[in-house]
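Novice: Dropping a structure here in structure tokens format, bear with me for questions.
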Amino acid sequence: MAYARTLLTGAVGEKYLGKPAPNKADDVRKLQTLFRKVFGSRAPAFKDGVYDDAVKEAITRFQSAWGGTPDGTVDPHGQTLKRIDRLANPLTLKPITLARVLEAYDKGKLVSDGGGYRIAYGTCDGGPLPPAASGYSPVLTVMTDANAIDVGGRPAYDVMNLANLAELLGIFDRLGVWGGVPVQIRIQLRYGPDVVTTSDPQLLTTPLLPHNGRMLPLDEENNGPKLTYQGDPAAADFHGRMFVQVPGFSKNLFVWAGQFETRNENRGFDCITYVGTTCGASNFHMAESADLAASLNATTVSVQHTEKDKKGKDVTTTVQLEQAEPKYVKEFFAGTAPDDYLMWSGGHIVLVSGGNVYEFKASEPSGYNCTPVDDWLEPYKQKRLTVRKLPERPARAN
């Protein structure tokens, strides 16, 4: 980034190259202006253009902020002047992109520390900021200075992680800016309570409106826009969204491929993500019905089926409901206790609870539906079904 470097004709301080520093009035005046900028309300009271104890204290304090032993002199070509200029010029905030929400590990090694967004900044000359103990800190602001997150403990190439994400989400919640809304983000350098510099803004697109988590039955009154079916079965395209919960933030947020969903038209589920999300399953087990059932420890069930043999004698057989004929499934639910089950046929999976089928489906009426199990099964004549019993109530049952 191009910036106006401060030019001094000579050194300012006690000694320079073994001799008294020139301390020319114009040079001293330039430094006084810079110190007022970088120290804010904590700047000493200067006499215009005069090198005195106030200027000496400012130089020493600034050098001490970076660690090491201060020499009390500002060399016109030295490190101290470069650092003063660095802090006096605004930071540059880079374009903001979506990133993984949660942490990710590979063979036990952390490969992503999450954070939901990649937010990076740089200084005017590419150099580092002083350490946190200096009193200087980069601060992320959302729309106004009042909505601020101290990111001093984070690297400049990525100020967000899972640990501070809840703070950012809390700001979105307080401001009511959910739903793919573009909000202005800035990065400030602060010294104690004072704002030293403020960057130009970059736009961040907020996550979709959170869901209250009441999924069985689905709460359709207090959750914003109607949830829609995501996908096209005819094209074997299924892209239902899922929930993520961020530590320190209580609401359920929609994600896709590990990142926040920010497009309102994608706020919804397909059949398996609805069932998996309702049951509190891992997002990594929402691709195949059998895998989802195994991850939830759902167990096989059977029905005692009785029919007459050729001699008219009743014969009872145990039929496991694994790829079972519809008549056996209908018989099972006609006499079963009101427990909770997964049921699937082909690529479609549903929840059965309390005698009703709960599902997200593509056919009309598309989206969420609740149907008595007998009515739902009535069209099934030949297509086989699998039923598994859940070990407990679905995690997001009301």
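Novice: Within the stretch 297-315, which residues are more than 23 Å from R241 (Cα to Cα) and in contact (Cβ under 8 Å) with a residue 40 or more places away in the chain?
Specialist: Listed by number, the residues that qualify are T299, T300, V301.
Novice: Related question: Please determine, by comparing only the residues of the stretch 290-339 that are part of a helix (DSSP H, G or I) and charged (D, E, K, R), which one is nearest to the chain's Cα centre (by Cα).
Specialist: Looking at the filtered set, the residue picked out is D291.
Novice: On to the next question. When you scan the stretch 303-337, how many residues do you find that are surrounded by 10 or more Cβ atoms within 10 Å (Cβ to Cβ), of a type outside the set (D, E, K, R) and under 22 Å from P394 (Cβ atoms)?
Specialist: 5
Novice: From the list Y157, Y105, which one is among the aromatic types (F, W, Y) and assigned to a loop (DSSP other than H, G, I, E, B)?
Specialist: Y157
Novice: Next question, about the same structure. Would you call N147 part of a strand (DSSP E or B) and more than 17 Å from P90 (Cα to Cα)?
Specialist: yes
Novice: State which residue pairs qualify: first residue over 13 Å from Y157 (Cα atoms) and inside the stretch 85-96, second residue of a type in the set (V, I, T) in any location, beta carbons under 6 Å apart, and separation of 6 or more residues or different chains.
Specialist: D85/T6; R86/T123; L87/V38; A88/V38; P90/T197
Novice: Moving to a separate point now. Being free of Cβ contacts under 8 Å to residues at least 12 places away in the same chain, closer than 30 Å to R100 by Cα and of a type in the set (F, W, Y), is that true of even one residue in the stretch 283-296?
Specialist: yes
Novice: Within the stretch 104-123, can one find any residue that is in contact with a helix residue (DSSP H, G or I) (Cβ under 7 Å, 6 or more places away or on another chain), within 16 Å of R186 (Cα to Cα) and surrounded by 20 or more Cβ atoms within 10 Å (Cβ to Cβ)?
Specialist: Yes, that holds for at least one residue.
Novice: Given the condition of a type in the set (D, E, K, R), at negative phi, touching a Phe, Trp or Tyr at 6+ places or on another chain (Cβ under 9 Å) and touching a residue at least 40 places away in the same chain (Cβ under 8 Å), answer yes or no: does some residue in the stretch 50-72 qualify?
Specialist: Checked the stretch 50-72: no residue is of a type in the set (D, E, K, R), at negative phi, touching a Phe, Trp or Tyr at 6+ places or on another chain (Cβ under 9 Å) and touching a residue at least 40 places away in the same chain (Cβ under 8 Å).
Novice: I'd like to know if the stretch 95-103 contains one or more residues that are outside the structural domain of L31 (by TED's automatic domain parsing), modelled with pLDDT of 95 or more and acidic (D, E).
Specialist: So far as the stretch 95-103 goes, yes, one or more of its residues are outside the structural domain of L31 (by TED's automatic domain parsing), modelled with pLDDT of 95 or more and acidic (D, E).
Novice: Residues G240, G231: which one is in contact with an Asp or Glu (Cβ under 6 Å, 6 or more places away or on another chain) and more than 23 Å from N398 (Cβ to Cβ)?
Specialist: G231
Novice: Pick from the stretch 251-281 the residues that are more than 20 Å from the chain's Cα centre (by Cα) and not in a helix (DSSP H, G or I): which of them is nearest to S363 (Cα to Cα)?
Specialist: Among them, the one singled out is D270.
Novice: Taking the criterion of being modelled with pLDDT of 95 or more and within 23 Å of P128 (Cβ to Cβ), would at least one residue in the stretch 44-56 satisfy it?
Specialist: Looking for residues that are modelled with pLDDT of 95 or more and within 23 Å of P128 (Cβ to Cβ), one finds none in the stretch 44-56, hence no.
Novice: Select from the stretch 134-151 the residues that are surrounded by fewer than 17 Cβ atoms within 10 Å (Cβ to Cβ) and either touching a residue at least 40 places away in the same chain (Cβ under 8 Å) or not aliphatic (A, V, I, L, M) (or both) and list them in ascending order.
Specialist: G135, M143, T144, D145, D150
Novice: Please specify each residue of the stretch 110-133 satisfying the condition of being part of a loop (DSSP other than H, G, I, E, B), over 30 Å from P70 (Cα atoms) and touching a residue at least 60 places away in the same chain (Cβ under 8 Å).
Specialist: G116, I119
The values are calculated or read from the model by the stated rules, or taken from the named source; none is laboratory data. Since this is a predicted model, take the numbers as computed values, not measurements. Here the Cβ is made from the backbone with ideal geometry for all residues, glycine too, and neighbour counts use every protein chain on show.
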